[in-house]
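K.L.:
Questions regarding the structure given below will be posed in turn.
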Amino acid sequence: MSFLIVLGVLFVLVLFVSAPLRRQRASLSADSTELANLDAARDAKYREIRDAELDHQTGKLSDEDYAAIDQTLRAEAIEILRALDRANGETPATIQQR
């Protein structure tokens with residue numbers, strides 16, 4: 001009977017001590033998921049920009065249409081890059097120091 005009590009106390013102690021480690025792991029996986037999503041969004045936006053450039057070169061887009069689409073796509077790409085920098089903990093000051 002005393003063996004079960006000792007085993008129960010040890011179990012509670014292990015749960016208590018490992019709680020911060022389990023929380024940190026969950027936080028890290030959420031961060032890595034966010035980074036993966038932002039990386040995928042960046043890659044998709046780059047493909048959209050390349051596709052628009054190709055459509056313009058092949059004559060599918062007029063100069064005016066291309067300029068409008070290109071400006072919009074590049075602004076969206078900049079926002080994604082800024083979100084990636086924020087997710088990586090970088091600030092404008094640390095980026096300029098590179």
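K.L.:
Taking θ = phi - 60°, what integer Hz values does the Karplus form 6.51 cos²θ - 1.76 cosθ + 1.60 yield along the stretch 9-15, in sequence order, with x for Gly and Pro?
P.N.:
Taking θ as phi minus 60°, the curve returns 5, 5, 4, 5, 5, 5, 4 Hz for the stretch 9-15.
K.L.:
Tell me the label-point distance for the pair LEU35, GLN71, using the 7 Å Cα-to-Cβ offset, in nm and rounded to one decimal.
P.N.:
3.6
K.L.:
When N is the residue count of the stretch 36-78, what does its C-alpha Rg come to as a fraction of 2.2 N^0.38 Å? Before the final figure, lay out each step's value.
P.N.:
Details: Rg = 11.0 Å, N = 43, 2.2 N^0.38 = 9.2 Å.
The stretch 36-78 yields a ratio of 1.20.
K.L.:
Under 15 Å from the Cβ of LEU35, count the other residues' Cβ atoms, weight Lys and Arg +1, Asp and Glu -1, and hand me the total. Working shown, then result.
P.N.:
On the way: positive: ARG42, ARG82, ARG86; negative: ASP31, GLU34, ASP39, ASP43, ASP85, GLU90.
Once all neighbours under 15 Å are counted, the net charge is -3.
None of the figures in this text is laboratory data; all of them are computed from the coordinates on show. Here the structure is a predicted model, which means the values were calculated and not measured. Cβ coordinates were reconstructed from backbone atoms using ideal geometry, including for glycine residues, and neighbour counts include every protein chain displayed.
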